[in-house]
Amino acid sequence: MKQMLHKALGHLAALALCLAAALPAAAGDDFDRWFAPQTLRVDLTFAGDSAHQSIYLDELSARSGWAGRRARLDSLYLAGNGRICLFDDATGEPLYRTSFSTLFQEWQATKEATQRARSFENVFLLPMPKQPVRMEVELNDLHRRPTARFACRIDPADILIRQADTLCPPHRYLQRGGSPEECIDIAIVAEGYTAAEADSFYAAAQRAADALFAHEPFGRLKKRFNVVAVALPSRESGVSLPASHQWRQTALGSHFDTFYSDRYLTTLRLKRLHDALGGIPYEHLIILANTEEYGGGGIYNSYTLASARNEWFLPVVVHEFGHSFGGLADEYAYDDGYAAYYTADVEPWERNITTLARFDLKWKNMVAEGVPVPTPADRFAEGDTQHVGVFEGAGYQSKGVYRACRDCRMRVNTVRDFCPVCQAALEGLIRFYTDPASGQ
Ligand SMILES: [Zn+2]
């Protein structure tokens, strides 16, 4: 019974995704009717343990300018592990939707989450409504079932919406494709660089931007991006290494050993990160950590963090941006015995992996005739990133989860390219954010 219910919910979620994609573009294209050209920053606390999760409102603030999309406002390109929706308070009409994943949800799978409850900071940037709205927030588990819900009314005239300060930190533009209204705005942010090390940070940021645009589809769609490097100064050089008892005073308080996993370098101080960027238009964040230690992380619609002085810096920053910008899944598998992460009856929302539950929603039409599904591991050469099939082993599982190619930027650091399925997913997302509304 439980299995059947999961299956039905999985199909429903997949169907909802399908329908959202098929909506006429005009439904959410009237930005100026509903929104002012300002950003509503919503700080939320996600708290709980492995069994129970809750969402609380922390603070609302406003800043000038809106760097996000202006069309397809009520549509979602990816379901993510959580969503925020704004509805017109008077009519209930959906006005804006966005999706995300969080460190809080990753943490729920850890042993610590079975032993104690914790809270995590989260920051979301939404367009500022002109009229009162109802905001709904939902978190999902891996079966795509809701685990926590929160709703509240937001009145843009509320006197307690803080007017955020607009002091700009030191910054330099590395790429200008157009205005923040037209383009996807990426901020590359310094972590663990002292003021005296700003030039070293700017050089690393330039290398990261060049690496990104050396990959397709970013290269051919470069004009749709702005990239700004923000030299946030840290009091001390380097980042914290808890396993070696080394703690450093840095701008974003990042550290290795996140959730006691040695190579996992993250920051949990999202409010500090967004506070520091006042006055800079940005939508997507890449944090460069001033360390030689291998590590990093990328969380969908939250941030990428990468070690800037490690030999794998450039492949890692592109891979992690695949997570944080593109919502792509890891295409590698751990050894057998690793706990099942994706279940066979639920089609993952990430576009570059499949459980074959609803393969028709994935890259079925990109598999050439005569290529068997699933595809034998030796069908194409090792290192091949271009011939599409359905190879078992992805999403941390050696069984039951499939990827499109032998190799891909989302699988190993040693190959150059994103596979055609990842490229198509990234290009679709870039167009979703930046194509003008239909009829314009
Ligand atoms: Zn791929």
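Read the figures in this text as sums done on the coordinates, not as results from a lab. Since the structure is predicted, the reported quantities are computational estimates derived from the model, not experimental observations. Cβ sites come from the backbone with ideal geometry, for glycine too, and all protein chains shown count toward neighbours.
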Practice item. Only helices at least 24 Å long along their axis, Cα-based, and averaging 0.0 or more on Kyte-Doolittle count here, so list those DSSP H runs from the chain. Key: 2-22
Study note, to complete from the structure: Ranking Tyr396, Gly370, Gly383 by how far each Cα lies towards the positive end of the charge dipole of region 366-428 (+1 on Lys and Arg Cβ, -1 on Asp and Glu Cβ), the top one is Tyr396
Exercise for review: Step through the residues of region 287-304 one at a time and calculate ³J(HN,Hα) from phi using the Karplus curve (6.51 cos²θ - 1.76 cosθ + 1.60, θ = phi - 60°), rounding each to whole Hz and writing x for Gly and Pro.
Suggested key: 9, 9, 9, 7, 8, 8, 5, 5, x, x, x, x, 10, 3, 6, 10, 6, 9
Exercise for review: Indicate, rounded to the nearest 5 percent, the antiparallel portion of the DSSP beta bridges found entirely in the chain.
Suggested key: 75 percent
Exercise for review: Output the relative contact order of region 18-163, whole-number percent, from Cα pairs under 8 angstrom with separation of 6+ residues.
Suggested key: 30 percent
Review point. Size of the dipole of the chain about the Cα centre, Lys and Arg at +1 and Asp and Glu at -1 on the beta carbon, nothing else charged, in debye to 20?
Key: 400 debye
Exercise for review: Using Cα centres only, tell me the gap between region 120-151 and region 47-84 in whole Å.
Suggested key: 5 Å
Review point. Dipole of region 366-428, Cα-centred, from +1 at each Lys and Arg C-beta and -1 at each Asp and Glu C-beta, to the nearest 20 debye?
Key: 180 debye
Exercise for review: Would you grab the residues whose amide H sits under 5 Å from the one on Ile188? Only those 5+ places off in sequence or on another chain, please, with H modelled 1.01 Å from N.
Suggested key: Val228, Ala229, Val230, Ile286
Review point. Spin-label point model (7 Å from Cα, Cβ direction): what's the Tyr260 to Thr114 distance in nm?
Key: 1.1 nm
Practice item. Would you mind checking Lys222/Lys364; Lys222/Lys271; Lys271/Lys399; Lys223/Lys271; Lys130/Lys271 for any pair whose Cα atoms are more than 32 angstrom apart? Key: Lys271/Lys399
Review point. Between Asp335 and Gln206, what is the spin-label point distance in nm, taking each point 7 Å from the Cα along the Cα→C-beta axis?
Key: 4.5 nm
**Study point:** Unit charges at the beta carbon, dipole of the chain: most positive-side option, Ala157, Asn413, Thr91
**Key:** Thr91
Point to revise | Length-normalised contact order for the chain - Cα pairs under 8 Å, 6+ apart - percent | key: 15 percent
Revision key, fill the gap. Phi-derived 3J(HN,Hα) across region 109-115 with the Karplus relation (6.51, -1.76, 1.60, θ = phi - 60°), rounded Hz, x for Gly and Pro, is 8, 8, 4, 4, 5, 8, 10
Revision key, fill the gap. Sorted by chain and number, the residues with a modelled amide H under 5 Å from that of Asp257, at a separation of 5 or more or across chains, are Arg263, Tyr264
Exercise for review: Take the alpha carbon atoms of region 279-343, find their center, do the same for region 229-243, and report the distance between the two centers in whole angstrom.
Suggested key: 18 Å
Practice item. Mind ranking 371-381, 252-262 by how tightly packed they are, going by the mean number of other C-beta atoms within 10 angstrom, highest first? Key: 252-262, 371-381
Point to revise | Cα-only Debye scattering, the chain: base-10 log of I(q)/I(0) at q = 0.12 Å⁻¹ | key: -1.06
Point to revise | Charge dipole magnitude, Cβ of K and R +1, D and E -1 - region 171-324, Cα centre, debye nearest 20 | key: 260 debye
Revision key, fill the gap. Going fewest to most other Cβ atoms within 10 Å around each Cβ, His171, His387, His245 line up as His245, His387, His171
